[in-house]
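Notes follow the structure.
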Amino acid sequence: MKHILKFASSTALSFALLSSTAFADWTLDNSKSALYFVSIKKDHIAETNTFKTLSGLITTAGQGSLNIDLSSVSTNVDIRDQRVRDYLFDTKTFSNATVSIDLGTTGIKPGIQTVNATLGLHGMKKDITATVAVTEVGDTIQVATVAPILLNAADFDLAGGLTMLREIGAVSSISNAVPVTFFLSFVKQV
C-alpha cells in the first residue's frame with residue numbers, strides 16, 4: 001500500500017544516467033534491473049516492495065525514458081497486490097508510471113552524480129532529484145541510487161488511495177513518505 005509511490009520516482013532517475021561518453025541507443029534489461037519502494041505502516045513497520053516489469057530507453061538524441069508497469073507491483077501478499085492495483089494506483093485508469101529525462105548533448109559520465117527527472121504517476125507530474133552511481137561495464141550501463149529517493153504520496157494524488165488501503169486492511173496508519181531505490185541495467189543496441 002505504502003510502497004506504491006516509492007518505485008515510480010526511483011525509476012525515473014535511473015534513465016537519465018544511461019548515456020556515457022557518447023550517446024547510443026540503450027535498452028533496459030528488465031531481468032537485471034530492480035526498483036524497490038518501502039511502505040511504512042503502524043508507525044514503525046517497514047515493508048520492502050517492488051515492481052516486476054520495467055522498460056526503458058536512452059536514445060542517441062539524449063532522451064531517456066523509464067516505464068513502470070504498475071500492475072506488476074509485488075508486496076509478497078497477493079490480496080494486498082490486488083488492493084494496491086485497484087485502490088492505490090487505479091491501474092484500470094493509470095496503468096503505468098513514467099520517468100523522463102533530457103540528457104541533451106553532454107550525456108552523463110560514470111561516477112556519482114545528481115540528476116533531475118520528471119516522474120509521471122497517477123495523472124500527476126513532478127520534477128524529482130536523485131543521487132545515483134553510474135557504472136559502464138562493457139556494453140552495459142548500470143545506474144543505481146546512492147541514497148533513497150523520498151516520495152510523498154500526496155504529491156501524486158495517492159493519499160486517498162492510502163486511506164482506502166488503511167481502512168480495508170484495518171491498519172492504524174500508512175505513511176505518505178515512500179523511500180525508493182533502484183538498480184537499472186541498460187544494454188547498448190547495435
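The values are calculated or read from the model by the stated rules, or taken from the named source; none is laboratory data. Predicted model only: the values in this text are computed from it and were never measured. Because the Cβ atoms are built from the backbone with ideal geometry, glycine has one as well, and the counts that use them run over all protein chains shown. Side chains included, ligands, DNA and RNA excluded: accessible areas come from the protein's heavy atoms. Shrake-Rupley method; radii C 1.70, N 1.55, O 1.52, S 1.80 Å.
Can you compute log10 of I(q)/I(0) for the stretch 114-165 with the Debye formula, treating each Cα as one identical point scatterer, at q = 0.28, 0.31, 0.32 Å⁻¹? Log10 of I(q)/I(0), two decimals: -1.06, -1.14, -1.17.
With all protein chains in place and ligands, DNA and RNA left out, the 1.4 Å accessible area ranks 94, 51 as 94, 51, largest first. Multiplying the residue separation of residue 63 and residue 93 by 0.36 nm and removing their Cα-Cα distance gives an extension gain of 8.2 nm. Applying the Karplus relation 6.51 cos²θ - 1.76 cosθ + 1.60 with θ = phi - 60° to the stretch 77-91 yields 3J(HN,Hα) values of 9, 3, 5, 5, 4, 5, 5, 5, 4, 6, 9, 8, 7, 6, 5 Hz, where x marks Gly and Pro.
Potential lengthening of the chain between residue 86 and residue 116 amounts to 7.8 nm, from the contour at 0.36 nm per residue minus the alpha-carbon distance.
Take the Cβ atoms of residue 45 and residue 163, set R0 to 25 Å, and the FRET efficiency comes out at 0.90. Listed cross-link partners 125/188; 32/188; 32/52; 109/188 are compared with a 22 Å cut-off, the Cα-Cα value being larger for 125/188. When 183, 89 are compared by accessible area at a 1.4 angstrom probe, the order from most to least is 183, 89. Per-residue 3J(HN,Hα) values for the stretch 175-186, derived from phi via the Karplus relation 6.51 cos²θ - 1.76 cosθ + 1.60 with θ = phi - 60°, read 6, 6, 7, 9, x, 10, 9, 7, 9, 10, 10, 10 Hz in sequence order (x marks Gly and Pro).
Solvent-accessible area of residue 118, all protein chains in place: 40 Å² (probe radius 1.4 Å, heavy atoms, ligands and nucleic acids excluded). Ranked by the mean number of other Cβ atoms within 10 Å per residue, highest first, peptides 139-151, 67-79 order as 139-151, 67-79. For labels at residue 131 and residue 29 in the simple 7 Å Cα→Cβ model, what's the distance in nm? Calculated label separation equals 2.8 nm.
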